[in-house]
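Scroll down for the structure; my scribbles are underneath it.
The values are calculated or read from the model by the stated rules, or taken from the named source; none is laboratory data. Not measured: the values here are computed from a predicted model. As a convention, Cβ positions derive from the backbone with ideal geometry for all residues, glycine included, and neighbour counts pool all protein chains shown. Each accessible area value is taken on the protein alone, full model and side chains, heavy atoms only, with ligands, DNA and RNA left out. Shrake-Rupley method; radii C 1.70, N 1.55, O 1.52, S 1.80 Å.
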Amino acid sequence: MYFSEELYNAEKYGYKFEVEYGYLFEKSKNVSIFKEYVNYLYSLKKKSNSKDSRYTISKLLMNSLYGRFGMSPVMETHEVISSFDSQFWLSDKDIINVIDLCNGKELVSFLEQTNNSSKKVNISIGIAMAITAYARIHMSQFLNLPDCKVYYTDTDSVFLDKPLPENLVGKELGQMKLEGIYDEAIFIAPKVYGAKSSSNQSKIIEFTKCKGAKNIIPYSILKNVLNGQNKVQIEQEKWYRSMQNGQINIVNEIYTI
């Protein structure tokens, strides 16, 4: 299933499509439903220090907007009930999980078995799909720059062998930010990569990003993986909060590349 605007954009690069069927969504010609919302929050984020709570809040509100519209309309309900009543109360519920709180009560997660069509859920798959598609359309221009090699790209980043045109770089909404210039880089898998540069002979600057890793993975380890080492395992700590007694439990887990 594809958003039509994304297909129109792909046609510019030589792709051809045969449409079997589709769904029609009406589009308002004069209203941009998120323009004021996004512009206000982006302005707040731009004016705030990165350590300021306003910076974090505005960033989260912008980034989570499309995800909220893409949520499933089938949502779990959570209630705390007495353990004595649970055997009777749960008879007409589709139970997902039950946690004994060890105080005569239970935390129950369930789905209603009756069809509650009157319950309004503020979601729209069409909106969520369109937003993510427009993001891919925006990123496609960086993948198709003439005489430019692309090493890696993600939701909002791209690694190239030369600088972007100046009009695409800046602090305004939709522009890219130059994060760094590196002598070498390694890309193992989606969201698993790193880069290194030498500003002078005495100082080496490097960074790595590994999805799921709690600690910083050294660049040298990623290089070992690239050079054929089949598996790298790193022990790291992970904490869990117990629902029964509120205590924090720390366990060791193995992160594998």
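Over the chain, accessible surface divided per residue gives 77 Å², non-protein components excluded, 1.4 Å probe.
Averaging the sequence gap over all C-alpha pairs within less than 8 Å and six or more residues apart, then dividing by the number of residues, gives the chain a relative contact order of 11 percent. By the rule of a C-alpha distance below 20 Å, with chain neighbours fewer than 8 residues away ignored, the lysines paired with K45 are K35, K59, K171, K177.
Separation of the alpha carbons by more than 20 angstrom is noted, of K16/K191; K47/K162; K191/K223, for K16/K191; K47/K162. Placing pseudo-labels 7 Å out from each Cα toward the beta carbon at S28 and I250 gives an inter-label distance of 5.2 nm. Heavy atoms only, probe 1.4 Å: what % of the accessible area of the chain goes to carbon and sulfur, would you let me know? The C+S portion of the solvent-accessible surface of the chain is 52 percent.
For a straight C-alpha distance cut-off of 20 angstrom, the aspartates and glutamates reachable from K93 (same-chain residues fewer than eight places away being disregarded) are E76, E79, D85, E106, E112. Rounded to the nearest 20, the Cβ-based charge dipole of the chain about its Cα centre (Lys and Arg +1, Asp and Glu -1) stands at 920 debye.
A straight line joining the Cα centroids of region 119-197 and region 206-224 runs 20 Å.
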